[in-house]
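Here is the structure we will look at.
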Amino acid sequence: MTAHRLMLLLQDDDAEPARIAGFVEFDPAMASAVLRLANSGAYGEAVRIANLREAVARLGTTKLVDIVLGDALRRMKSNVPMYGLGENELWLHAVAALLHDIGKLVMAGFLKADVQALVARSEEQGITFVEAERDLFGCDHAEVGGALGRH
């Protein structure tokens, strides 16, 4: 069972816990993680779960997606000597790539930044998108993201 196939199944709103459990049981490490989490104090249930179907039902698809993705990422860890990166350095680089525009989310959510207005201002004044951000808000998304990262 590949993580990809399980992810596809988890996206199906009609997928029943028994069917999902049928896929999870073929990966002992994942099955163990699902059972361990379903029985953890985080779920505050006094009744201990012994089968995967009940564990899948208790956790729900959102938590199962977290488990599947985490498992897939752990399996991908390796050194990349041809790029001069160790395992942790590669992951830090990858996370930075994922977060490099986080400031845009903050600006859109809290400053109500209108991307279309920023693009229009940029084109009208012949300035870059970042300059338009600074012009309208007094800062740009890179500054906001940096501040968020430092905080």
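The values are calculated or read from the model by the stated rules, or taken from the named source; none is laboratory data. What you see is a predicted model; the values in this text were computed from it and never measured. Quick reminder, even Gly has a Cβ in these numbers, built from the backbone with ideal geometry, and neighbours come from all protein chains shown.
For this structure, a couple of remarks:
- GLY70 vs. criteria surrounded by 12 or more Cβ atoms within 10 Å (Cβ to Cβ), within 30 Å of LEU37 (Cα to Cα), out of contact with any Phe, Trp or Tyr (no Cβ under 6 Å at 6 or more places or on another chain) and among the small types (Gly, Ala, Ser): yes
- Scope segment 81-117; condition part of a helix (DSSP H, G or I) and among the acidic types (Asp, Glu); matching residues: GLU87, GLU89
- Residue check, GLU54 part of a loop (DSSP other than H, G, I, E, B) and either modelled with pLDDT of 85 or more or of a type outside the set (S, T, N, Q) (or both): no
- Residue in segment 118-127 that is in a helix (DSSP H, G or I) and in contact (Cβ under 8 Å) with a residue 60 or more places away in the chain present: no
- Sole exception among (1) in a helix (DSSP H, G or I); (2) modelled with pLDDT of 80 or more; (3) out of contact with any Asp or Glu (no Cβ under 7 Å at 6 or more places or on another chain) for LEU8, by number: (2)
- Yes/no for ALA33 being at pLDDT 80 or above, in contact with a helix residue (DSSP H, G or I) (Cβ under 9 Å, 6 or more places away or on another chain) and more than 30 Å from GLY146 (Cβ to Cβ): yes
- Taking segment 128-144 as the range and being farther than 13 Å from LEU111 by Cβ and within 27 Å of the chain's Cα centre (by Cα) as the test, the residues that pass are PHE129, VAL130, ALA142.
Yes/no matrix, rows are residues, columns are (1) surrounded by 11 or more Cβ atoms within 10 Å (Cβ to Cβ); (2) modelled with pLDDT under 80; (3) farther than 30 Å from MET30 by Cβ; (4) of a type in the set (Asp, Glu):
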site: LYS77; (1), (2), (3), (4): no, yes, no, no
site: HIS100; (1), (2), (3), (4): yes, yes, yes, no
site: ASP114; (1), (2), (3), (4): yes, no, yes, yes
site: ALA117; (1), (2), (3), (4): yes, no, yes, no
site: ALA120; (1), (2), (3), (4): yes, no, yes, no
site: ILE127; (1), (2), (3), (4): yes, no, yes, no
site: LEU148; (1), (2), (3), (4): yes, no, yes, no
